[in-house]
1. Above 18 angstrom, tally the Cα pairs of the stretch 111-164 and express them as a % of all pairs, no decimals.
2. How many angstrom lie between the C-alpha centres of the stretch 343-383 and the stretch 1-63?
3. Among 335, 51, 95, flag the residue with its Cα farthest along the positive direction of the charge dipole of the chain, charges on Cβ as +1 for Lys/Arg and -1 for Asp/Glu.
4. Report the FRET efficiency, 1/(1 + (r/R0)^6), for residue 68 and residue 159, where r is their Cβ-Cβ distance and R0 is 51 Å, rounded to 0.05.
5. How far apart, in nm, are the 7 Å Cα→Cβ label points at residue 151 and residue 345?
6. What ³J(HN,Hα) values, in whole Hz, does the Karplus curve 6.51 cos²θ - 1.76 cosθ + 1.60 give for the stretch 16-29 when θ = phi - 60°, with x put for Gly and Pro?
7. On alpha carbon coordinates alone, what is the Rg over Rh value for the stretch 1-141, Rh being the Kirkwood radius?
8. I need the calculated FRET efficiency for the pair residue 271 and residue 218, taking r as the beta carbon distance and R₀ as 45 Å, to the nearest 0.05.
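Any read-out appearing in this document is the output of simple, stated calculations on the displayed coordinates, not a laboratory observation. Predicted model only: the values in this text are computed from it and were never measured. Every residue, glycine among them, receives a Cβ derived from its backbone with ideal geometry; neighbour counts consider all protein chains shown.
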Amino acid sequence: MNPNLDLLHPYPFEKLAKLKANITTLTDLPPISLGIGEPKHPAPEFVQRVIADNLERLANYPTTKGLDELRQVIAEWATRRFSLTPGSLSAELHVVPVNGTREGIFSLVQAVVDPSKPGARVVSPNPFYQIYEGAALLAGAQPHYLPCDESNRFIPDFDQVPAQVWDDCQILFLCSPGNPSGAVIPRETLAKVITLADRHDFLIASDECYSELYPDETNPPEGLLQTCAAIGRDDYARCVVFHSLSKRSNLPGLRSGFVAGDARILKDYLRYRTYHGCAMPIQHQLASIAAWQDETHVQANRAAYRAKFEAVVPILSQAMDVAYPDAGFYLWPKTPVDDETFALELSARQNVHVLPGRYLSRTVDGHNPGENRVRMALVAPLEECIEAAERIVNYLRTR
């Protein structure tokens, strides 16, 4: 077996299951899960109809590159959404469909990392989406973690990173809006990172799968390619972004997303994928075309999350230090006791389930930026989210 498999950490939900393996639930209240970031809003009916109407395409092999129409629709959507220079994002050169951002992130790292170079690193925020780390380890690179905590508004302080780390860096992962904090990286910081990538020759991989969940309809989060356009970088050199229909369109089971950006990187990445065998089923591609072309259901989705935040945050604020995120569907509150104790007792006493923050981060130089925080995913129906918040307050007042 690949010896790097032994370097992988247990996945956060595996840790959570182990934590709660022997607890006794002390209440008859029904369970409410805020632990897993799986959208629970209904999948758009028009997308379901497209799949149902094209089941005969199960008889066809899909191509790795995907349908021309899908790539064109994605290029048009990204150009509109991120104010790109018209025509600069080529469907032929700058877009590759993937089976969700998780698969795309993992496979891109395998294609890009050169483990033969001494000190090969993949740099990521901390806390982080665990695939960044796992993909790096299995590609033969060393993860390097940049702390994201309240002191830096949950965005890495790139000025504090030693030059040697940048010299060794092959991929820098960004996550904006952030998982779990929801923090959005501003344009000036993205421009600074692009300058660093040019100076030290590394790839910026921006995970933007929460970009369409934001509170202010007039102020959507900026993306990496949008910053490229703003500074005149229409070749998107050293920049790629990941997007998905999972959160935007409540379609996590469709496994549909895309990578877009640097044509030089994506040319070889597509060659890798041809052997990797990750072509998206044709009926899923056709459904994806319909989803990317419609914004009405996305606006309704944002409104539903907005209603949850507006209802839940004031309730939790009675007993916790909690703030509205910039975007996304997570809350990242401080806990008055350590995060594992909080999650364990809350499960036992109130049957409400959250994820300890330390499971999403690593301890570096004695500091774990996830400790004494928990991630709450407001994915349950509004009434359940409100009830969960009330139970959490009751737990804190009676513990």
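1. Details: 543 of 1431 pairs.
That fraction is 38 percent.
2. The distance from the Cα centre of the stretch 343-383 to that of the stretch 1-63 comes to 18 Å.
3. 51
4. Details: r = 43 Å, r/R0 = 0.85.
Calculated transfer efficiency: 0.75.
5. 2.7
6. For the stretch 16-29, the Karplus curve yields 5, 4, 5, 4, 9, 4, 10, 7, 10, 6, 9, 9, 8, 4 Hz.
7. Details: Rg = 20.8 Å, Rh = 19.8 Å.
So for the stretch 1-141, dividing Rg by the Kirkwood Rh gives 1.05.
8. Working: r = 41 Å, r/R0 = 0.92.
It comes to 0.65.
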